[in-house]
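Enquirer: Structure in structure tokens, see below.
The values are calculated or read from the model by the stated rules, or taken from the named source; none is laboratory data. Please read these numbers as outputs of a predicted model, since none were measured by experiment. Reconstructed Cβ throughout: ideal geometry from the backbone, glycine too, with neighbour counts over all protein chains shown.
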Amino acid sequence: MAASTPTRMGASNIRLLKDRAARWGVTFGGVLVLVALLLIFFYLLYVVEPIFRGVDVEKQSSFTVPGEATTVALGMEEQSEIGYRFADSGQLTFFALQDLPRSNAELGDVLLQEQVTPTAPTAFTKTQPQKKRYAYAIEGGEVVIVEPKFRSRFVNGQRTTTPEIAIITEDSPIQVDEEGRDLVQLAYEYDGDASLFAAVTADGKAIVNSISASRNFITGAVTLESKFTELPVTGDIEQVIVTPDLRQVIIRQNNRLYIYDVSRSGQVTEKQLLTIDKRLYGDVTSMQLLAGASSIMLGHSSGLITQWFEVAGDEGRRYQYIREFKSGNSPIVDIVAEYYRRTFYSVNAEGTLGVFHTTSEADLYQEQPDGVRAERVVIDPRANTLMMMSGDQLHIFDLDNEHPEVTWSGLWQEIWYEGYPEPDYVWQSTSGSDDFEPKFSLVPISFGTIKAAAYAMLFAVPIGLAAAVYTAYFMSPAVRKVVKPTVEIMEALPTVILGFLAGLWLAPVVENYLPGIVATVILVPTAIILLAFITSVLPKNYRNFFTDGRAALVLIPLVMLVGYAAFSASPLVEDWLFGGNVRQFITNELGITFDQRNSLVVGIAMGFAVIPTIFSIAEDAVFSVPKHLSNGSLALGATTWQTLTKVVLLTASPGIFSAVMMGLGRAVGETMIVLMATGNTPIMDWNIFEGMRTLSANIAVEMPESEVGSSHYRILFLAAFVLFVFTFVFNTLAEFVRQRLREKYSSM
């Protein structure tokens, strides 16, 4: 006996060592999991953080304005290496914005200078920034159109940019005023071969000239056709602009805006007289079109800048006030719009530069950068460089404003987008047009995630929990050994296969047999309850036939038979109650949108994927309830059903709740099923016959096409962060409730 003691002690020591190693291994693995989660969390924050940075304006250089006379316009090429200046004398000057060793030019050196008008100009205008054309009016009501161009070439791998001057009207100036009167104000836009001019003559008349070009297919000769109109506007006119689509002319006279429609034939009709209430906003001091030319930005003497765009109403599409921005308390003297984004820059009478973004309603910057008093500003096409004129000096600034369209309010609140009848939550990240304004509201796709998960859980929870309780508590051990692994192996089915089947097979079935689907949901439970009632009134020797194992086997053909009958009767019910087309009845009679790939399809397919998770965890929880609890309850006279509801389910409630929350987490993060089984439309509607777009599906669809580092790219990472937070909150809540339930029922 004494000889065996060391052996037993040695075995115990080895066991203790193994236990300790296992404990440390599990602890180490758990710590690694937490570290991995934290790394994911902080990496998402690292990618997302730049979109919430402010504007940074950093001075790079200064030099004396080249050329003579008064500056009427400034510009830059997209690399911010060369700038140009139009003077009121008709002179165009190109100059270096930095040292250019390959061109032997230093900062401020004149690279090219030319007089582009044959006589002294009487007026000047420019197109929208992306059109890159400028126009001088000269004596006799004629107009000279100029386009600064830049030719780049590579020599030995190094790029050299050379400025050029393209005079579009080199052959002969365009006659804008048929009567030959001098023009003192001018507005011009073009679209292909068509052009639209609006002007004010020396005698105070407002005129519009729509010019279209027609080409002879045989000779190739181009003929200009002009449609001239004199507008009935009397009094002093402060400003005239035309839209790039050549469809509107806007004339500002004091605090009134006359808006005219121009038809394709050149016919001009008055559309709207917009009167600005100076008591609310102050006198209008400047006017500019925003990028896309859908919005009019008005600067006021009070320092306010208001945005107006067309909204559909009872009288058609009419301009109305949308929002305002505050840039100090002095009058706004200039508004400059970016080339493509809805960002604009303001200069007030005090020389303060303001940077704003309309859609996000963001006040990004209001200062005199580096103490320089701004008189005129210009932005390069990429919005990376700011050129500011102050006195006889030009100042060059690096501009860091990568993500002006992203704010918390823009992501999570209703936004009034151009052309929309009212503020709304919208996700629309891309379009085929350069004038498109991206819309990055996370609310529709977050709502879609919740909607998809809710319908999936509505389908999966009753089936999963009922199956788990029956399998663990009522089913015979022999049948349970077959059923439980069979259901659990369903979890191994690839979700891409489930999504494929849902989109290509289940969706048409639901559409064609919708009455049968509804009838199945109603008739199958009814048939099961009816069968249970019938068996309960049978003689005892017949009731014994329906043992725990056989009952489930008997129900299988019953469910199949009732389901087959419901689907077989579906066309008859559709003809009888819905006029032969249930989809048309739902759409036309009930006014409910019906999409083939809808939430019902997603709920069934994703519920099928979630059932194994709920079933497995809940079944283990019910089966693990100590037998002495149920046996004690039965011994005290409780029925099997009373024991289940009063003892077993309460004891197993922590595990059952965990099962439901694990299923919910699975449903929230599901990607392929919702990607393939819905139309991926980011709408906010609980309609079960419409689809949705979820956070995970949105990331899967749009991440491959997003530009790395862009606002779109970083917002997709923000969507991933939101999804991460969703699952974290659900799991944390589940663990909290599970612990409370365990504490409450542990005494049993």
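Enquirer: Among the numbered conditions (1) within 29 Å of the chain's Cα centre (by Cα); (2) surrounded by 21 or more Cβ atoms within 10 Å (Cβ to Cβ), tell me where Ala621 comes up short.
Expert: Among (1) within 29 Å of the chain's Cα centre (by Cα); (2) surrounded by 21 or more Cβ atoms within 10 Å (Cβ to Cβ), Ala621 violates only (1).
Enquirer: I need the full set of residues from the stretch 332-366 which are surrounded by fewer than 19 Cβ atoms within 10 Å (Cβ to Cβ) and of a type outside the set (A, V, I, L, M), in order please.
Expert: Asp334, Tyr339, Tyr340, Glu350, Gly351, Glu361, Asp363, Gln366 - these are the residues of the stretch 332-366 that are surrounded by fewer than 19 Cβ atoms within 10 Å (Cβ to Cβ) and of a type outside the set (A, V, I, L, M).
Enquirer: I would also like to ask the following. Among residues belonging to the stretch 624-652 that are buried (at least 18 other Cβ atoms within 10 Å of the Cβ) and among the polar types (S, T, N, Q), point out the one that is nearest to Gly603 (Cα to Cα).
Expert: By that ranking, first place goes to Thr651.
Enquirer: Say whether the condition of being modelled with pLDDT of 85 or more, within 30 Å of Leu34 (Cα to Cα) and crowded, with 20+ Cβ neighbours inside 10 Å is met by at least one residue in the stretch 723-743.
Expert: Checking the stretch 723-743: at least one residue is modelled with pLDDT of 85 or more, within 30 Å of Leu34 (Cα to Cα) and crowded, with 20+ Cβ neighbours inside 10 Å.
Enquirer: Conditions first: (1) among the hydrophobic types (A, V, I, L, M, F, W, C); (2) buried (at least 17 other Cβ atoms within 10 Å of the Cβ); (3) in contact with a Leu (Cβ under 9 Å, 6 or more places away or on another chain). Ala700 passes all but one, so which condition is the exception?
Expert: (2)
Enquirer: Right, here's the next one. State the number of residues belonging to the stretch 404-423 that are small (Gly, Ala, Ser) and under 12 Å from the mean Cα position of the chain (by Cα).
Expert: Selection size over the stretch 404-423: 1.
Enquirer: Show me the strands (runs of 3 or more DSSP E) entirely contained within the stretch 75-125 in which 1 or more residues are aromatic (Phe, Trp, Tyr).
Expert: Correct list: 82-87, 91-96.
Enquirer: Consider Asp245 against the criteria (1) of a type in the set (D, E, K, R); (2) in contact with a Lys or Arg (Cβ under 7 Å, 6 or more places away or on another chain); (3) in contact (Cβ under 8 Å) with a residue 40 or more places away in the chain: it satisfies all of them except one. Which criterion is unmet?
Expert: All conditions are met except number (2).
Enquirer: Answer yes if at least one residue in the stretch 466-476 is more than 16 Å from the chain's Cα centre (by Cα), exposed (fewer than 14 other Cβ atoms within 10 Å of the Cβ) and free of Cβ contacts under 8 Å to residues at least 40 places away in the same chain, and no otherwise.
Expert: Among the residues of the stretch 466-476, at least one is more than 16 Å from the chain's Cα centre (by Cα), exposed (fewer than 14 other Cβ atoms within 10 Å of the Cβ) and free of Cβ contacts under 8 Å to residues at least 40 places away in the same chain, which makes the answer yes.
Each row is one residue, and each column tells you yes or no for (1) surrounded by 18 or more Cβ atoms within 10 Å (Cβ to Cβ); (2) of a type outside the set (Phe, Trp, Tyr); (3) at pLDDT 90 or above.
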site	(1), (2), (3)
Glu164	no, yes, yes
Val184	no, yes, yes
Gly192	no, yes, no
Ala202	no, yes, yes
Ser212	yes, yes, no
Arg215	no, yes, no
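Enquirer: Turning to a different aspect of this structure: Return the pairs, sorted by first residue and then second, in which the second residue is aromatic (Phe, Trp, Tyr) and outside any loop (DSSP other than H, G, I, E, B), the first residue lies in the stretch 408-429 and is more than 25 Å from Phe721 (Cβ to Cβ), the beta carbons are less than 9 Å apart, and the residues are 6+ apart or on different chains.
Expert: Pairs found: Trp416/Phe309; Glu418/Phe309; Gly419/Phe309.
Enquirer: Another question about this same structure. Among the residues of the stretch 34-88, which ones are within 34 Å of the chain's Cα centre (by Cα), surrounded by 13 or more Cβ atoms within 10 Å (Cβ to Cβ) and aliphatic (A, V, I, L, M)?
Expert: Scanning the stretch 34-88 gives Ile40, Leu44, Val47, Val48, Ile51, Val55, Val57, Met76.
Enquirer: Kindly indicate the residue of the stretch 578-634 that is touching a helix residue (DSSP H, G or I) at 6+ places or on another chain (Cβ under 9 Å) and of a type in the set (Ser, Thr, Tyr) and also farthest from Lys451 (Cα to Cα) among those meeting that condition.
Expert: Ranking the candidates gives Ser633 first.
Enquirer: Follow-up. Quick check on Val377: is it within 22 Å of Pro148 (Cβ to Cβ) and either under 24 Å from the mean Cα position of the chain (by Cα) or not in a loop (DSSP other than H, G, I, E, B) (or both)?
Expert: Spelling it out, Val377 is indeed within 22 Å of Pro148 (Cβ to Cβ) and either under 24 Å from the mean Cα position of the chain (by Cα) or not in a loop (DSSP other than H, G, I, E, B) (or both).
Enquirer: Can you pull out the residues in the stretch 164-219 that are over 18 Å from Lys131 (Cα atoms), in a loop (DSSP other than H, G, I, E, B) and in contact (Cβ under 8 Å) with a residue 12 or more places away in the chain?
Expert: Across the stretch 164-219, the qualifying residues are Pro173, Val176, Asp177, Glu178, Glu179, Gly180, Arg181, Asp182, Ala202, Asp203, Gly204, Lys205.
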